[in-house]
Structure formats: structure tokens, C-alpha cells
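Q: What follows is a structure written as C-alpha cells; I'll ask about it next.
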Amino acid sequence: LLTTDSGDLYEVNRGTGAASLIGNMGIISASSSAFVPEGFRAPALNELYGPETFSAEDAPDYFTSNGNGIAPEDCPQRQFDTYFSTNPNLDAETSESLSLGVKWDFMENGSVDIAWWSVEVNDTIRQESTQSLMYAEAAGIPGSADSYVDRTGQVEVYSSYTNPGNLE
């Protein structure tokens, strides 16, 4: 199990690895390694279940400023009523990675490591901030059914946990 600084808990539940000593010539030795682990992170209970919460979030409203001819750098910040909600339909995050490496040890206190990693995370769990929803709206990117800016009256922002996509 691996816990990150933000408290997320990951489990590496499957993996294949290999390491080999390529050669040992007295004070110089070389080794190589290859690993292909898979990971899993289940949604936390506070991402799945809980009441809708309210917060007054600060953000610039680029959409309105653009409509009023205000340049983005002159767009003022203001507070928006923001409602955050959970999502009982979240999928777990899964990940696959590949790492390859070579290590050369020489002398008593010297070594060189060369490594390459590739990591792909599927079904990332995310809750959009008020600011990111404002950026998306100004760029013409539509919100989802659960995360959007509502302009039918007073501007309000709704954000729910979602599985928006993959990271590579």
C-alpha cells in the first residue's frame, strides 16, 4: 500500500518485475531492471457519499467580461455561490506503468542510474474548482451534467466528483 501526501491510498495489486546483473568486473558492475506494475485507488467515502456543501468561491468571470469587452487581464474577481456534491457512481482509478532502468556502479562511491517511466492512470477522480469551470466556460468547453456554471439567474457554480478521463 502507498499513501500520498494528500492522503490518497493506492494499492499496487499486481506487478511483474525483473532485475539482472549484467556483469561484474571488480570495481565496475552493471545491472538492469524492468517492472510492469498495476495500481488501483477506490473512491473515498467522502467522494461517494455526503451532503451537498456550499462555499462562496472567488474567481474571475471571463465569460461575462469578454461579453462586456473587458480584456482578460482586466477581469475582476468576484464571489460565486458554489455547490459541491459527491457522486455514488464513481469508478475506481486504475493505473498501469512501465519502468526500465540500467545502473552502473564504478569505484567505491560512484554510480550512474538511467531510468525511463511510463504511467497511465484511467478513470481519474476529480472535482472541478470554480475557477477551472469558469476557464472552461470562457474557452467554450461545455460543462457536464453535474459540473457546470448556471447563468439562468444569479450566477451559480455546481461541481461534483467525476471520472473525467485518463492521464498519460
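The values are calculated or read from the model by the stated rules, or taken from the named source; none is laboratory data. Predicted, not measured: the structure shown is a model, and the values here were computed from it. So basically every Cβ, Gly included, is an ideal-geometry build from the backbone, and we count neighbours across all protein chains shown. What goes into the accessible areas is simple: the full protein's heavy atoms, side chains included, and nothing from ligands, DNA or RNA. Shrake-Rupley method; radii C 1.70, N 1.55, O 1.52, S 1.80 Å.
Q: Quick check on Ala115: is it in contact (Cβ under 8 Å) with a residue 12 or more places away in the chain, open to solvent by less than 40 Å² (accessible area, probe 1.4 Å) and more than 30 Å from Ser65 (Cα to Cα)?
A: Working: in contact (Cβ under 8 Å) with a residue 12 or more places away in the chain: yes; open to solvent by less than 40 Å² (accessible area, probe 1.4 Å): no; more than 30 Å from Ser65 (Cα to Cα): yes.
Considered against the rule, which asks whether it is in contact (Cβ under 8 Å) with a residue 12 or more places away in the chain, open to solvent by less than 40 Å² (accessible area, probe 1.4 Å) and more than 30 Å from Ser65 (Cα to Cα), Ala115 comes out as no.
Q: To continue, here is another question. Examine the range 123-134 for a residue that is over 23 Å from Pro51 (Cβ atoms), of a type outside the set (Ser, Thr, Tyr), open to solvent by 50 Å² or more (accessible area, probe 1.4 Å) and modelled with pLDDT under 90, and state whether such a residue exists.
A: Checked against the condition, which is being over 23 Å from Pro51 (Cβ atoms), of a type outside the set (Ser, Thr, Tyr), open to solvent by 50 Å² or more (accessible area, probe 1.4 Å) and modelled with pLDDT under 90, the range 123-134 yields no hits at all.
Q: What pairs come up if the first residue lies in the range 46-68 and is closer than 17 Å to Tyr148 by Cβ, the second is open to solvent by 100 Å² or more (accessible area, probe 1.4 Å) and modelled with pLDDT of 95 or more, and their beta carbons are under 7 Å apart, counting only those six or more places apart or on different chains?
A: Glu57/Gln79
Q: Restricting to the range 119-168, give me the number of residues that are β-branched (Val, Ile, Thr) and assigned to a strand (DSSP E or B).
A: Here is the first cut: in the range 119-168, the residues β-branched (Val, Ile, Thr) are 119, 121, 124-125, 130, 141, 149, 152, 155, 157, 162.
Imposing the further condition that a residue be assigned to a strand (DSSP E or B) reduces the set to 119, 121, 149, 157, 162.
Matching residues across the range 119-168 total 5.
Q: From Ser111, Ser129, Ser118, grab the single residue that is within 16 Å of Glu38 (Cα to Cα) and of a type in the set (S, T, N, Q). Please lay out each step first, then the result.
A: Working: Ser111 fails: within 16 Å of Glu38 (Cα to Cα); Ser129 fails: within 16 Å of Glu38 (Cα to Cα).
Answer to the check: Ser118.
Q: Can you tell me which residues in the range 56-112 are surrounded by 15 or more Cβ atoms within 10 Å (Cβ to Cβ), in contact with a Leu (Cβ under 9 Å, 6 or more places away or on another chain) and not in a strand (DSSP E or B)?
A: Hits for the range 56-112 are Thr86, Asn87, Leu90.
Q: Restricting attention to the range 125-168, which residues are closer than 29 Å to Ala42 by Cβ, touching a residue at least 24 places away in the same chain (Cβ under 8 Å), of a type outside the set (A, V, I, L, M, F, W, C) and out of contact with any Asp or Glu (no Cβ under 6 Å at 6 or more places or on another chain)?
A: Passing the criteria: Arg126, Gln127, Glu128, Ser129, Gln131, Asp146, Tyr158, Thr162, Pro164, Gly165, Asn166.
Q: Test Thr53 against the criterion of being within 21 Å of Glu128 (Cα to Cα), open to solvent by 60 Å² or more (accessible area, probe 1.4 Å) and either aliphatic (A, V, I, L, M) or at pLDDT 90 or above (or both), and give yes or no.
A: Details: within 21 Å of Glu128 (Cα to Cα): yes; open to solvent by 60 Å² or more (accessible area, probe 1.4 Å): yes; either aliphatic (A, V, I, L, M) or at pLDDT 90 or above (or both): yes.
When the stated conditions are applied, Thr53 passes them.
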